[in-house]
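Taking it in order: structure first as C-alpha coordinates, then the write-up.
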Amino acid sequence: MKNEKLKTDYDTRMKDLQNQIDELKLLMQSGNQQSINITQTISSLEQNIPNPFNQSTTITYTLPAKFTSAKIIVTDNSGKTIKQFTLSSPGKGAVSIAAGALASGLYHYALFVDGKMMDSKKMEIIR
(Lines give C-alpha, C1' and ligand atoms only; values in the text may rest on other atoms or scores of the structure.)
Protein backbone atom coordinates (compact mmCIF):
# COMPACT_ATOMS: atom_id res chain seq x y z
CA MET A 1 0.00 0.00 0.00
CA LYS A 2 2.84 2.39 0.86
CA ASN A 3 4.63 1.47 -2.38
CA GLU A 4 1.45 2.24 -4.34
CA LYS A 5 1.27 5.70 -2.73
CA LEU A 6 4.95 6.35 -3.49
CA LYS A 7 4.39 5.27 -7.10
CA THR A 8 1.32 7.52 -7.37
CA ASP A 9 3.26 10.47 -5.89
CA TYR A 10 6.14 9.75 -8.26
CA ASP A 11 3.83 9.52 -11.28
CA THR A 12 2.11 12.77 -10.31
CA ARG A 13 5.45 14.55 -9.92
CA MET A 14 6.65 13.27 -13.29
CA LYS A 15 3.45 14.49 -15.01
CA ASP A 16 3.85 17.91 -13.37
CA LEU A 17 7.45 18.16 -14.53
CA GLN A 18 6.52 17.10 -18.06
CA ASN A 19 3.78 19.75 -18.14
CA GLN A 20 6.30 22.40 -17.10
CA ILE A 21 8.70 21.27 -19.82
CA ASP A 22 5.93 21.34 -22.43
CA GLU A 23 4.88 24.85 -21.36
CA LEU A 24 8.47 26.11 -21.60
CA LYS A 25 8.87 24.53 -25.05
CA LEU A 26 5.70 26.27 -26.24
CA LEU A 27 6.93 29.61 -24.93
CA MET A 28 10.27 29.17 -26.68
CA GLN A 29 8.69 28.05 -29.96
CA SER A 30 6.18 30.90 -29.98
CA GLY A 31 8.97 33.41 -30.44
CA ASN A 32 7.63 35.39 -27.49
CA GLN A 33 10.07 38.26 -26.97
CA GLN A 34 8.90 38.98 -23.44
CA SER A 35 11.35 38.26 -20.66
CA ILE A 36 10.44 35.04 -18.89
CA ASN A 37 11.39 34.70 -15.26
CA ILE A 38 11.74 30.93 -14.97
CA THR A 39 12.20 31.14 -11.21
CA GLN A 40 8.53 32.09 -10.91
CA THR A 41 7.54 28.50 -11.71
CA ILE A 42 10.32 26.59 -9.96
CA SER A 43 10.13 25.03 -6.51
CA SER A 44 12.96 23.07 -4.97
CA LEU A 45 13.72 21.14 -1.82
CA GLU A 46 17.29 20.58 -0.68
CA GLN A 47 18.79 17.76 1.36
CA ASN A 48 18.86 18.59 5.06
CA ILE A 49 22.25 19.53 6.55
CA PRO A 50 23.70 17.82 8.47
CA ASN A 51 22.37 14.40 7.59
CA PRO A 52 22.44 12.23 9.61
CA PHE A 53 22.05 14.45 12.68
CA ASN A 54 21.70 14.06 16.44
CA GLN A 55 20.75 17.56 17.66
CA SER A 56 19.28 19.68 14.87
CA THR A 57 19.24 19.98 11.09
CA THR A 58 18.25 22.59 8.52
CA ILE A 59 16.13 22.07 5.40
CA THR A 60 16.41 24.72 2.68
CA TYR A 61 13.86 25.22 -0.07
CA THR A 62 12.85 27.59 -2.86
CA LEU A 63 9.25 28.61 -3.56
CA PRO A 64 7.85 30.19 -6.73
CA ALA A 65 7.00 33.90 -6.86
CA LYS A 66 3.28 33.11 -6.92
CA PHE A 67 1.58 30.34 -4.97
CA THR A 68 -1.46 29.90 -2.77
CA SER A 69 -0.12 27.55 -0.11
CA ALA A 70 3.12 25.76 0.69
CA LYS A 71 4.27 23.43 3.43
CA ILE A 72 6.93 20.96 4.41
CA ILE A 73 5.64 17.79 6.07
CA VAL A 74 7.93 15.47 8.03
CA THR A 75 6.84 11.86 8.48
CA ASP A 76 8.25 8.83 10.21
CA ASN A 77 9.02 5.62 8.33
CA SER A 78 5.43 4.41 8.74
CA GLY A 79 4.03 7.58 7.12
CA LYS A 80 2.77 9.23 10.32
CA THR A 81 3.10 13.04 10.24
CA ILE A 82 5.63 14.17 12.85
CA LYS A 83 5.97 17.88 12.03
CA GLN A 84 4.45 20.32 9.57
CA PHE A 85 5.79 23.73 8.57
CA THR A 86 3.59 26.28 6.81
CA LEU A 87 5.64 28.36 4.37
CA SER A 88 4.50 31.82 3.33
CA SER A 89 7.33 33.70 1.60
CA PRO A 90 8.41 33.17 -2.02
CA GLY A 91 12.04 32.56 -2.88
CA LYS A 92 14.63 30.84 -0.74
CA GLY A 93 13.92 29.84 2.84
CA ALA A 94 14.88 27.36 5.53
CA VAL A 95 13.34 25.48 8.43
CA SER A 96 15.16 23.86 11.36
CA ILE A 97 14.26 20.62 13.05
CA ALA A 98 15.45 19.74 16.55
CA ALA A 99 15.92 16.05 17.24
CA GLY A 100 14.41 16.61 20.69
CA ALA A 101 12.19 13.69 21.66
CA LEU A 102 12.33 12.06 18.22
CA ALA A 103 13.65 8.52 18.17
CA SER A 104 16.70 7.49 16.20
CA GLY A 105 15.77 6.36 12.73
CA LEU A 106 14.85 7.31 9.21
CA TYR A 107 12.35 10.11 8.48
CA HIS A 108 10.97 11.58 5.27
CA TYR A 109 10.12 15.17 4.42
CA ALA A 110 8.27 16.58 1.42
CA LEU A 111 7.56 20.00 -0.06
CA PHE A 112 3.96 20.64 -1.09
CA VAL A 113 3.04 23.70 -3.16
CA ASP A 114 -0.62 24.37 -3.90
CA GLY A 115 -1.49 20.85 -2.81
CA LYS A 116 1.05 19.13 -5.08
CA MET A 117 4.08 17.28 -3.79
CA MET A 118 7.05 18.92 -5.48
CA ASP A 119 9.85 16.80 -3.99
CA SER A 120 10.72 14.59 -1.05
CA LYS A 121 13.91 13.59 0.75
CA LYS A 122 15.06 11.32 3.57
CA MET A 123 16.83 12.29 6.77
CA GLU A 124 18.24 10.25 9.61
CA ILE A 125 18.50 10.87 13.32
CA ILE A 126 21.31 9.07 15.13
CA ARG A 127 22.04 9.08 18.84
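The values are calculated or read from the model by the stated rules, or taken from the named source; none is laboratory data. Note that the structure is a prediction, hence the values are computed from the model and not measured. Glycine also receives a Cβ, built like all others from the backbone with ideal geometry; neighbour counts cover every protein chain displayed.
Hey, can you tell me all the residues within region 61-107 that are among the polar types (S, T, N, Q) and touching a Lys or Arg at 6+ places or on another chain (Cβ under 7 Å)?
Hits for region 61-107 are 62, 84, 86, 104.
Here's the yes/no breakdown for (1) at pLDDT 75 or above; (2) surrounded by 13 or more Cβ atoms within 10 Å (Cβ to Cβ); (3) in a helix (DSSP H, G or I):
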residue	(1), (2), (3)
3	no, no, yes
9	yes, yes, yes
13	yes, yes, yes
23	yes, no, yes
26	yes, no, yes
34	no, no, no
51	yes, yes, no
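Considering region 53-73 alone, what residues qualify as being part of a strand (DSSP E or B) and out of contact with any Pro (no Cβ under 8 Å at 6 or more places or on another chain)? So that I can check it myself, show each step before the final result.
Step one: of region 53-73, the residues part of a strand (DSSP E or B) are 53, 56-63, 70-73.
Correct list: 53, 56, 58, 59, 60, 61, 62, 70, 71, 72, 73.
Does residue 102 satisfy the condition of being outside the structural domain of residue 3 (by TED's automatic domain parsing), modelled with pLDDT of 95 or more and surrounded by 11 or more Cβ atoms within 10 Å (Cβ to Cβ)? Break it down stepwise before answering.
Values: outside the structural domain of residue 3 (by TED's automatic domain parsing): yes; modelled with pLDDT of 95 or more: no; surrounded by 11 or more Cβ atoms within 10 Å (Cβ to Cβ): yes.
No.
Name the residues in region 64-85 that are in contact with a strand residue (DSSP E or B) (Cβ under 8 Å, 6 or more places away or on another chain) and farther than 22 Å from residue 107 by Cβ, would you?
64, 65, 67, 69
Taking region 103-127 on its own, how many of its residues are over 30 Å from residue 64 (Cβ atoms) and in contact with a strand residue (DSSP E or B) (Cβ under 8 Å, 6 or more places away or on another chain)?
Residues that pass the stated criteria total 5.
Do you know which of the residues in region 105-125 that are of a type in the set (Gly, Ala, Ser) and on the phi < 0 side of the Ramachandran plot is surrounded by the fewest Cβ atoms within 10 Å (Cβ to Cβ)?
The residue in question is 110.
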